[in-house]
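Comments concern the structure below.
The values are calculated or read from the model by the stated rules, or taken from the named source; none is laboratory data. Since the model is a prediction, treat every value here as computed from it, not as a measurement. Note that we place each Cβ from the backbone using ideal geometry, even for glycine, and neighbour counts take in every protein chain shown. Note: areas computed on protein heavy atoms with side chains; ligands, DNA, RNA excluded. Shrake-Rupley method; radii C 1.70, N 1.55, O 1.52, S 1.80 Å.
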Amino acid sequence: MNSNLEIPTGTRHSSATKIECMPFNIAPFVRVSWASDRLKAKWESRIRRVAEACLAVEENSVLIGLRACGLITLTSSIAASKTLSWIRSGFFGVPIDSYRSPNRQSSANCSTSAEGTAIERYLFGIAADVSRCQTALEEHDDVTAASLLGCPPCCAKFASTALREWGVSDLTWPSAANSFGREPIEDMIELTGEVITNQLWRALGVRILPHFPCGLGCAPSIELGKSLVDVACSSGFDEEMKWMAEILAWPVEWSALHGIAQIKTPILKISTSTDATPRKYTVRLSGSAYPDDALAGNYFPYIPPAKKFTEKRGFQLGLINANSLGSVSQPHDHAPRARGVLDAVYDRLFELEKTRVRDVNISRLCTSGYYTAVELSDGSQGIATNFFNIRGPYAQHYEQTLYDAVLNEFARTDSLLEEFIIRPSYIDPLAQSIKVALANALSEPLVAPDMLSGFQVNDGALNLGEVLECGDEVMFVDCAGSAVCRSITDCTSRLKLVNFCDLGLESPFRAEVQDFFDTVFGSCGNARIIENAGKEGACRSASVVVVEANAICTDSLDKVLDWSQNAREVLVIGRSYAMDPVPLFRRGATGLSTYRIMKSGLIDYMRRHDCTVTGDVISYDSWFAPVQIRRSLDAMSPAIGKSVNEEF
C-alpha cells in the first residue's frame, strides 16, 4: 500500500466551539463491546496489529528524521531495553510521566478486567532536541514543543488554546467543531469522514496522526499523515495500513456525557473516559464505506437493511396489475450509503416525540397527482412531491387507487408503515415521497412557533435578492418553477455568476425547464444552465446555494449539502421539507423557506383536483402559509418578500 490515500478536502476555519466541562475527572478506562463473536474473531487481532504498527511508526518517524522528537508509551517491562537500543542508535530517551494503563476489556458481556499495566511515557530523539523539547514542555511553550514533535503550528496553537484556556483534555469535540465552520446545532456535529485526520478510534490506538488536528481538513496534518503512511509501508506494515485505511473510512459516532465517551462503529462499541460534561456532545463522521461483514441496523452508524420496499410481498401483491412506476424519476443507486437528513429526522422523532409517535397512526394516505399527502389520527398533515400521475403528453399511468388502498390497509396493522416505508433504505421514488410526507406530518409539533425559539422564524416567502451580496456566485438546484428564482432578476447584474441546474433536464420536461430559464434569466448575461454532470463542481464553487426541497424526495439532498460545505448560504426552499429543521442545519444548511398547512381536509381537496406540471395548475395558496427558519438568532436577518404563488 502507498500513502496516496484519497482525502476529502474542505475549508478550515480558525474558530472552534468551546466545550462546557465540569470540575472533575473519572479514572481512565477502555471497554469494548463487539457486535458479534464473528466480527470479534476477524477484527480484534487486526486492530491490535494496527495499533502496534502505529506505535512503531511514531518511533521510526523520529529515527529516520521525519520528526525531531517523539512521545512513546512503554510498559515498564520493556522500557529499559528500549532506551538502551535508542542509545546504541545515537538517540536519547527520558521519562516524563508514569501511570497505569486504562483498564481494558473486550468480551461480549463487558465484565470488569484487572488493573492496567504500569507504563511510562518517554520523550526521545537526539539529545539536544530532547532537551529543548523538555524545557518547552516545562515552560508551557506549546508551540515550540509541538514543532519538535512534528505537530503543525496551526494544530499546536489550537491545542494550546483548548488545553490551557478551556481546560479540556480531549480535543475530539473542539477539533470537529473547528472543522464544521458554523456554530453547531444542539451539541451535535455531522461531518463527512476523513481518513488521515480521523481520531475517533484513538482509544484503541488506531490513528495515523500522533496529534489531534485543528480540523479534519488541516492540510499540514494531512501531508504529515501521508508521510507517516510512507514510513509505515517502508517499515513492512503494508497490511496493517490497508486495514487501518478501511477502518478509518467507516461511519462512526462519538458522544460524551458526564465523563464517559461512547464510540459506536459498525463492528463494535467503545466506552472510555473523557472530559466530564453536563450535557451530551455528539460527533458523527458519515464515512465512505462499510465493512463487508457488518451487521445491519436501523440507526447510525450501522449498515441500513438491504431489503427493498419493492421486494416485499405485500407491495408486489398490491401492484400486481400496475404498470411501471419509474420512467420519469431518476433510478436509485442501491449500493450501501450513509444515513442522511431524512433518517436523522426520523431518529429525532422517535427520540423526542416517542410518546406521540407510539400513539398516532396513519388515518389516510393519498398519492394523487404530483403530490403525496399523509393525514395522521391526531389531525397532523404532511405533503411531499411525487412526480407521478401527470396529465398531458407526459402522462404516467399507475394504479393509484389500488396503491393507496394497499398501503392504507397495511397501516391498519403497521400504524406508521415502519416496516414498509420508514425502516428500509432502498424504496422506490413513490414510496420515498410517502416517507417524506409522513416525516412532515410527524414533525408538525416540532415546527410549531413555540418549539423554534432557538431559531429566527419569520412569516413570508424568501426574497433572495435581500440575501445576496455583490459578487456572489449563485447555484440553483432543481428550482425550475420556483418563484424564488424570480426574486433575484433585479439584482443579477451585481452577481458574479448564476448557475441553474434541474433534474428535469434529463427527463421529458427539458423543454419546460429551458422555457422557465429563458423567461426568468434570458436577459441576464451572467446566467447559464448547468447539466447535471456539472452540478457538483458548481455547488462547490458557489457562495450561495439554493436547493428545492424536492431533492429530499429524489434522495439527492444529502449530496447537494455535502457539495455545498464551502458556501456562505445554503438555502432549502419548498413544501417537501416542512419537517424538523435541526438535522438539516446540522448538515450545513443556513436557512429553510417552507410552508405550514393551515387547514384540515387537504387529502379530500387533492382527490377532487389534480395538480399537473403541464396544463392547468390547481392553486394551493389558501392551504399553505410561507415561513422562514434561520439556523441561529445571530445569523443574517432573513429576507421577507411577497407571498410566493405556486412553486410548482
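Considering 240, 194, the condition of being outside any loop (DSSP other than H, G, I, E, B), open to solvent by less than 50 Å² (accessible area, probe 1.4 Å) and not polar (S, T, N, Q) is satisfied by 240 alone.
All conditions in (1) open to solvent by 20 Å² or more (accessible area, probe 1.4 Å); (2) assigned to a helix (DSSP H, G or I) hold for residue 229, with the sole exception of (1). Only a single item in (1) more than 22 Å from residue 230 (Cα to Cα); (2) outside any helix (DSSP H, G or I) is not met by residue 71, and it is number (1).
Among the residues of the range 544-564, those identified as open to solvent by 10 Å² or more (accessible area, probe 1.4 Å) and assigned to a loop (DSSP other than H, G, I, E, B) are 554, 555, 556.
The set of residues in the range 349-368 that are among the hydroxyl-bearing types (Ser, Thr, Tyr), modelled with pLDDT under 85 and open to solvent by 40 Å² or more (accessible area, probe 1.4 Å) contains only 355.
Report yes if some residue within the range 142-151 is charged (D, E, K, R) and farther than 21 Å from residue 270 by Cα; otherwise report no. Scanning the range 142-151, I find at least one residue that is charged (D, E, K, R) and farther than 21 Å from residue 270 by Cα, so the answer is yes. Residues of the range 467-479 that are under 27 Å from the mean Cα position of the chain (by Cα) and among the hydrophobic types (A, V, I, L, M, F, W, C): 467, 468, 474, 475, 476, 477, 479.
In the range 582-592, of all residues being touching a helix residue (DSSP H, G or I) at 6+ places or on another chain (Cβ under 7 Å) and not in a helix (DSSP H, G or I), the one that is most open to solvent (accessible area, probe 1.4 Å) corresponds to 587.
Take the conditions (1) touching a Gly at 6+ places or on another chain (Cβ under 9 Å); (2) open to solvent by less than 20 Å² (accessible area, probe 1.4 Å); (3) at pLDDT below 85; residue 501 misses just one of them, which is (3).
Residue 533 meets each of the listed conditions (1) touching a Phe, Trp or Tyr at 6+ places or on another chain (Cβ under 7 Å); (2) more than 22 Å from residue 577 (Cα to Cα) apart from (1).
Counting just the residues of the range 31-71 that are touching a helix residue (DSSP H, G or I) at 6+ places or on another chain (Cβ under 7 Å) and buried (at least 20 other Cβ atoms within 10 Å of the Cβ), which one comes out farthest from residue 232 (Cα to Cα)? Filtering the range 31-71 for residues that are touching a helix residue (DSSP H, G or I) at 6+ places or on another chain (Cβ under 7 Å) and buried (at least 20 other Cβ atoms within 10 Å of the Cβ), the one farthest from residue 232 (Cα to Cα) comes out as 69. On the stretch given as the range 447-498, residues that are open to solvent by less than 10 Å² (accessible area, probe 1.4 Å) and either free of Cβ contacts under 8 Å to residues at least 12 places away in the same chain or farther than 20 Å from residue 543 by Cβ (or both) total 2.
Of everything listed in (1) open to solvent by 10 Å² or more (accessible area, probe 1.4 Å); (2) touching a Pro at 6+ places or on another chain (Cβ under 8 Å); (3) not hydroxyl-bearing (Ser, Thr, Tyr), the single unmet condition for residue 139 is (2). Taking the range 369-386 as the range and being open to solvent by 10 Å² or more (accessible area, probe 1.4 Å), in contact (Cβ under 8 Å) with a residue 60 or more places away in the chain and polar (S, T, N, Q) as the test, only 381 passes. Being open to solvent by 50 Å² or more (accessible area, probe 1.4 Å) and modelled with pLDDT of 50 or more holds for only one residue in 346, 302, and it is 302.
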